[in-house]
Amino acid sequence: MKCVDELSDRKIISGIVSKIKAIKLSGKVKIMEVCGTHTMSIFKNGIKSLLPDSIELISGPGCPVCVTPDIYIDKALALAKKENVIITTFADLLRVPGSSGTLQEMRVNRKNITTVYSPLEAVKIAYNNPGQEVIFLAIGFETTIPAIALSIIKANQLGLNNFSILQSLKIMPPVLQELVLDKDLDVDGFILPGHVSTISGLQPFEFLARDYHVPGVVAGFEPGDIILSIYTLCKMLKDNDIRVKNLYPRLVRLEGNKKAQELIKEIFTPVDSYWRGLGTITGSGLKLRKVYHRYSAEKKFQFGDTQYRPGKGCICGEILKGKQKPTDCRLFGIKCTPMKPEGPCMVSREGTCAAYYRYRGKVNL
C-alpha cells in the first residue's frame with residue numbers, strides 16, 4: 001500500500017476489514033488513538049461502523065488545545081489586560097473558555113490579540129513593535145515544538161527583550177505511560193500519532209511493548225492507514241507478537257528527525273505538566289532552559305491565584321481519558337456546539353466532541 005490513492009480505495013479497505021473480522025480474538029479489544037487528526041479521520045470516514053462489535057475504538061488525549069487546562073487560558077486573559085502587551089496565538093485557542101471568558105470575547109474590545117500561523121510571525125511582530133511586549137501562547141506537542149524553539153533562537157539572534165512565550169508544551173510518551181497504568185481504562189493497543197512520530201521516531205514509544213506488553217502502531221491518516229493499523233494491532237494481539245511497528249514509512253523513520261530533536265533539547269528541558277482530565281504527569285511537559293528564562297512570560301509577569309478549577313458540567317476531562325463519550329455529556333449538542341462551545345474538546349477541529357458533532361450519523365466511507 002505505497003500509493004496514497006490506494007489508502008482510500010474502497011476495495012482495498014474492504015479486504016482489510018474482512019481480514020479483521022476473520023481474526024478470532026479471545027475477548028473484546030480496546031484500541032486508543034492519541035492524535036486529533038486520527039480522530040477526525042475515523043469519524044469522517046465512518047471507520048467505527050466497519051468494525052465488528054469485538055473491537056472498540058476510543059479517543060485519547062491527542063489534541064493539544066483540548067489538554068490545555070483552564071488556568072492557562074486565565075493566564076493568557078490576564079496578560080492581555082496589561083498595558084503595552086500584544087498576545088499572539090494560534091487561532092484554535094481563541095474560543096477555548098477560561099474561568100472568566102475567552103480570548104475571542106476579549107478580542108472584541110481589545111486590539112492587542114492577534115492570530116499567527118507560526119511563532120516566527122510573533123518574533124517579527126516583536127521586532128516591529130519594540131515598545132510592546134509580544135507574548136506567544138506556546139502550546140503543542142512534539143510536532144510544533146521545534147518551530148517554537150526556532151522562535152526563541154531567532155529572538156535571541158535579534159537581541160529582542162520584548163518577546164516571550166507562555167508555555168504549555170507537552171510530549172506524548174509520559175501520557176501514554178499514564179494511560180497504560182490506568183487499570184480502569186485497560187487499553188489493549190495504541191494507534192500512535194503520525195505527526196508526532198515524524199519528529200520523535202519510534203524509539204520513545206517502544207517502552208509500551210517492552211515494559212507493559214501493549215502493542216502500538218504508528219499510522220498515517222488515510223482511511224486505509226487507520227484500517228491497516230487496526231488489523232495489525234489485532235493480529236499482534238492474536239499471535240502474541242507484541243511490538244511497536246511503523247506503518248507510516250512514507251514520513252516516519254525509526255530515529256525520527258534528529259535535527260528537530262537536538263533543537264528541542266537545546267532550548268527546553270523536561271518538567272511536570274498538568275493535563276486537562278489527567279492531572280499532573282511527571283516529565284510530560286517542557287520548559288525553557290535557564291539560559292533562555294528571559295523569554296518566559298511566567299518569569300516576566302506575576303500571576304495571582306493559579307489553582308486549577310474544572311469547568312462546571314463539561315466532561316471533557318473524562319472524554320480525553322477515553323472513559324466517557326461526548327454523547328454521555330448533558331451539554332453535548334444542546335448547550336455545547338461548535339458555534340458555542342463549553343469546553344475545548346468542542347472548540348478544536350481535532351477535538352473528540354467536535355468530531356462527534358460534525359460527523360455523527362456518518363456510516364460509510
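The values are calculated or read from the model by the stated rules, or taken from the named source; none is laboratory data. In this text, all values refer to a predicted model and were calculated from it rather than measured experimentally. No Cβ is skipped: glycine too gets one built from the backbone with ideal geometry, and neighbour counts run over all protein chains shown.
Among the residues of region 294-303, some residue qualifies, meaning at least one is part of a loop (DSSP other than H, G, I, E, B), out of contact with any strand residue (DSSP E or B) (no Cβ under 9 Å at 6 or more places or on another chain) and at pLDDT below 95. From (1) closer than 22 Å to residue 321 by Cα; (2) modelled with pLDDT of 95 or more, pick out the condition that doesn't hold for residue 85. So residue 85 meets the others, but not (1). Pick out the one residue from 214, 196, 175 that is at pLDDT 95 or above, assigned to a loop (DSSP other than H, G, I, E, B) and in contact with a Phe, Trp or Tyr (Cβ under 8 Å, 6 or more places away or on another chain). Going through 214, 196, 175 in turn, the sole match is 214. Here residue 234 passes the criteria (1) outside any strand (DSSP E or B); (2) crowded, with 22+ Cβ neighbours inside 10 Å; (3) under 17 Å from the mean Cα position of the chain (by Cα) except the one numbered (3). When we screen 242, 227 for residues that are surrounded by 14 or more Cβ atoms within 10 Å (Cβ to Cβ), more than 22 Å from the chain's Cα centre (by Cα) and not assigned by the TED database to the domain that holds residue 296, the only hit is 242. If only residues of region 156-183 that are in contact (Cβ under 8 Å) with a residue 24 or more places away in the chain and polar (S, T, N, Q) are counted, the one that is surrounded by the fewest Cβ atoms within 10 Å (Cβ to Cβ) is 161. Can you pull out the residues in region 56-86 that are among the aliphatic types (A, V, I, L, M) and either within 23 Å of residue 303 (Cα to Cα) or crowded, with 21+ Cβ neighbours inside 10 Å (or both)? Once the filter is applied, which keeps residues that are among the aliphatic types (A, V, I, L, M) and either within 23 Å of residue 303 (Cα to Cα) or crowded, with 21+ Cβ neighbours inside 10 Å (or both), region 56-86 yields 65, 67, 71, 73, 76, 77, 78, 79, 80, 85, 86. If only residues of region 10-40 that are hydroxyl-bearing (Ser, Thr, Tyr) and out of contact with any strand residue (DSSP E or B) (no Cβ under 9 Å at 6 or more places or on another chain) are counted, the one that is surrounded by the fewest Cβ atoms within 10 Å (Cβ to Cβ) is 26. Residue 111 falls short on exactly one of the conditions (1) modelled with pLDDT under 95; (2) not assigned by the TED database to the domain that holds residue 276, and that condition is (2).
Of the residues making up region 95-120, those that are buried (at least 19 other Cβ atoms within 10 Å of the Cβ), within 22 Å of the chain's Cα centre (by Cα) and over 14 Å from residue 135 (Cα atoms) number 4.
For region 29-52, the tally of residues that are more than 16 Å from residue 323 (Cα to Cα) and touching a residue at least 24 places away in the same chain (Cβ under 8 Å) stands at 16.
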